1. Below 19 Å, Cα to Cα, which lysines can A:Lys98 reach? Residues fewer than 8 away in the same chain don't count.
2. Considering the dipole of chain A built from charges on the beta carbon (Lys and Arg +1, Asp and Glu -1) around the Cα centre, which of A:Leu46, A:Ser30, A:Asn65 is farthest to its positive end?
3. Work out the length of the dipole vector of segment B:1-49 about its Cα centre, built from +1 on the beta-carbon of each Lys and Arg and -1 on the beta-carbon of each Asp and Glu, and round it to the nearest 20 debye.
4. Using Cβ-Cβ distances only, list the Cys residues of chain B with no partner cysteine under 4.7 Å, sorted by number.
5. Can you compute the modelled spin-label distance between B:Ser115 and B:Glu22, with each label point 7 Å from Cα toward Cβ, in nm?
6. List the residues, sorted by chain then number, that are 5 or more residues from B:Leu76 or on another chain and whose placed amide H is less than 5 Å from its amide H.
7. Hey, in chain A, which Cys have no second cysteine's beta-carbon closer than 4.7 Å?
8. Apply the Karplus parameterisation 6.51 cos²θ - 1.76 cosθ + 1.60, with θ equal to phi minus 60°, to every residue of segment B:82-96 and state each ³J(HN,Hα) to the nearest whole Hz, in sequence, with x for glycine and proline.
Amino acid sequence: RKEVEQDPGPFNVPEGATVAFNCTYSNSASQSFFWYRQDCRKEPKLLMSVYSSGNEDGRFTAQLNRASQYISLLIRDSKLSDSATYLCAVNKGTGFQKLVFGTGTRLLVSP
Amino acid sequence: GAVVSQHPSRVICKSGTSVKIECRSLDFQATTMFWYRQFPKQSLMLMATSNEGSKATYEQGVEKDKFLINHASLTLSTLTVTSAHPEDSSFYICSARGLTDSNQPQHFGDGTRLSIL
């Protein structure tokens, strides 16, 4: 089983739609979770950290389910500019912060 | 916000050439820098972790003699791909983390696209 797994997609949605991605992780000792956005041929950019209580940043909501070992990202009112690949990242355990990335979920928002 | 600069952004060279990539933290001191490689349509794969003033820690399967890492200061780490071959062509990305809270995310450089002919 991969350490971090994501559905590669692509998710094709119209503008204004709500879309959700999940990411599962295998290491129950993981403490830190992040969502990154990566545009084609560019570096990943941090979208948001994921907190235990869930957190929201504008149209984006991230949640953590420790019992089932997954994190989710919800995007409301999708914009064309949201088209990108969304990577989840999980630290490898307590202490030292080595991140393991999922393969990413590709989102395509169409007019 | 924290800024990480990576140079060069693009390299095209002949097989057998050694290529050096620099990663600099511009506005913070990076105790730890990470080097990743990303092949097309694949995820970022951690190659090695670089701590200032000590030897890098390489991930399983990554040849330390081929991918030389130096982290001589708190703002600079370098990755040298020695005797590069076409299979080394990839997107190499560094990231850095500062002295503060270990739960803070890593800040990424803008990557180096390496093409070996």
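The values are calculated or read from the model by the stated rules, or taken from the named source; none is laboratory data. Remember, it's a predicted structure, so these values are computed and weren't measured experimentally. All Cβ positions, glycine included, derive from the backbone under ideal geometry; neighbour counts span all protein chains shown. The protein model used for the area step is the full one, side chains on, heavy atoms only, and it has no ligands, DNA or RNA in it. Shrake-Rupley method; radii C 1.70, N 1.55, O 1.52, S 1.80 Å.
1. A:Lys98 reaches A:Lys2, A:Lys45, B:Lys55, B:Lys64.
2. Positive-end residue among those listed: A:Ser30.
3. That gives segment B:1-49 a dipole magnitude of about 280 debye.
4. B:Cys13
5. Result: 2.4 nm between the two label points.
6. B:Ser25
7. A:Cys40
8. 8, 6, 5, 10, x, 5, 7, 4, 5, 9, 9, 10, 9, 9, 9
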